[in-house]
Amino acid sequence: MAGTMAEPFHVVCCSGGRRGTTSAPELSPGGDLWWSDYSRRSNGYFGCETTGDDEGNIATVTTWSRYLVKQLAGKEKIDHSWYKVNVVVRWSATPTQTVVLIFDAPKELERRLPRPLLEPVTKELLRDPFLIHLCLAEEVVRVQNDAVWSLRTYVRDLEKQRTKENPSPDYQRLHDLARHAIHICETLDLGAVSMESTLAHHAVLADEAPAAAADHRARFTHRHVHQRLEFFKHMFESLRCRSSSNKERLDNEMQLAFHTVAQHDSRTGVEIARAAQSDSAAMKTISFLTLAFLPATFISAVFSMSFFNVDDDTGEWSVSNRIWIYWAFAVPVTLLTTGLWYRWQRRLYQPMIKVSHDKTK
């Protein structure tokens, strides 16, 4: 908003750090307070300083505030951006003059300056040092409302996409939305705290301005601004409740996704167990058949060896005196095979047995 310092209202939009404010009046509260690292990194605050004249009346009121809003956009891929409001306001009593420094204003905010954002500003309302914060609170509530309801839309889409068959939830998307919900709740909490601080300072300012208290118009102006600030404080709290509801609904969807996948995996495990039971029954059948035929096969193999002979003329059986050769090879090979199998089993299962034993200690 263009204007000279003689005008009752002046807005300066700055960027590029402290050097970007060289064309603006000296507005920094408390020297380097506003430029401190903790102030620039803060998620939100409100501060106020007053100076008096020789007669003990308020000469200037310097206020500063910061708000952050996380905006979400996109359908498949959720993108986000930060809407930052960082402002210092210097109000002078004589002559009545308000100078506003908005630092690194978002493009959307710049387009709304001076109108329609500052549309309600009148010469009478400018007698209240907190008027600009009223206008900014309305802007922040508007943007926060969009952020809260955009998150609600994402959560509602998740609720409508539930499926019991072959569930495959997008856990990355769920956790991203949870992170965004946490940030939105955080900024709303800080916004409500900042509004409480604004109201407290505004009430103190009315008590410390006896000249204004005697002026009926000034009292009505103060009351009007204070009531509007109260309203926007309640709007912050209302949006905070809605945001908390969104977060709880999102947590519910995440738990439901975990439980649905767990139930699906459990049902799959039951089906695998049934298939294994069927395989086990088949193996039992094969084992039974093997057990039934193996002795007879062994007996027939033994009697078919050349160690046994039947005389064709007499029909008498005779056993070779070298049948010991069969036993000399069969018994050691059987023992060797059994020993190797036993040793292999011990080496295979001994570590498992040891770990199980250590866990029970």
>> Can you tell me which residue is nearest to the chain's Cα centre (by Cα) among those in segment 309-361 that are modelled with pLDDT under 75 and of a type in the set (Lys, Arg)?
In response: LYS359
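Residue-by-condition table, conditions (1) assigned to a loop (DSSP other than H, G, I, E, B); (2) within 21 Å of ARG40 (Cα to Cα); (3) charged (D, E, K, R); (4) not assigned by TED's automatic domain parsing to the domain that holds LEU190:
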position	(1), (2), (3), (4)
TYR67	no, yes, no, no
VAL87	no, yes, no, no
ILE102	no, yes, no, no
ALA105	yes, yes, no, no
PRO116	yes, no, no, no
GLU139	no, yes, yes, no
ARG142	no, no, yes, no
ARG152	no, no, yes, no
LEU158	no, no, no, no
> Which condition does PRO95 not pass, out of (1) in contact (Cβ under 8 Å) with a residue 40 or more places away in the chain; (2) closer than 28 Å to VAL148 by Cα, if it passes all the others?
Replying inline: (2)
> Is it the case that segment 142-156 has a residue that's within 30 Å of THR260 (Cα to Cα) and touching an Asp or Glu at 6+ places or on another chain (Cβ under 9 Å)?
Replying inline: yes
> Which residues, taken from segment 249-298, are at pLDDT 80 or above, over 31 Å from the mean Cα position of the chain (by Cα) and acidic (Asp, Glu)?
Replying inline: GLU271
>> Could you check segment 119-147 and list, in sequence order, the residues that are touching a residue at least 60 places away in the same chain (Cβ under 8 Å) and farther than 16 Å from HIS224 by Cα?
In response: VAL140, VAL141, VAL143, GLN144, ASN145, ASP146, ALA147
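Which residue out of LEU126, LEU109 is buried (at least 17 other Cβ atoms within 10 Å of the Cβ), modelled with pLDDT under 85, touching a strand residue (DSSP E or B) at 6+ places or on another chain (Cβ under 6 Å) and part of a helix (DSSP H, G or I)? Talk me through it step by step, then tell me what you get.
Details: LEU109 fails: touching a strand residue (DSSP E or B) at 6+ places or on another chain (Cβ under 6 Å).
When all the criteria are applied, what remains is LEU126.
The values are calculated or read from the model by the stated rules, or taken from the named source; none is laboratory data. All figures in this text were calculated on a predicted structure; none of them were measured in a lab. Positions of Cβ are backbone-derived with ideal geometry, glycine not excepted, and every protein chain shown enters the neighbour counts.
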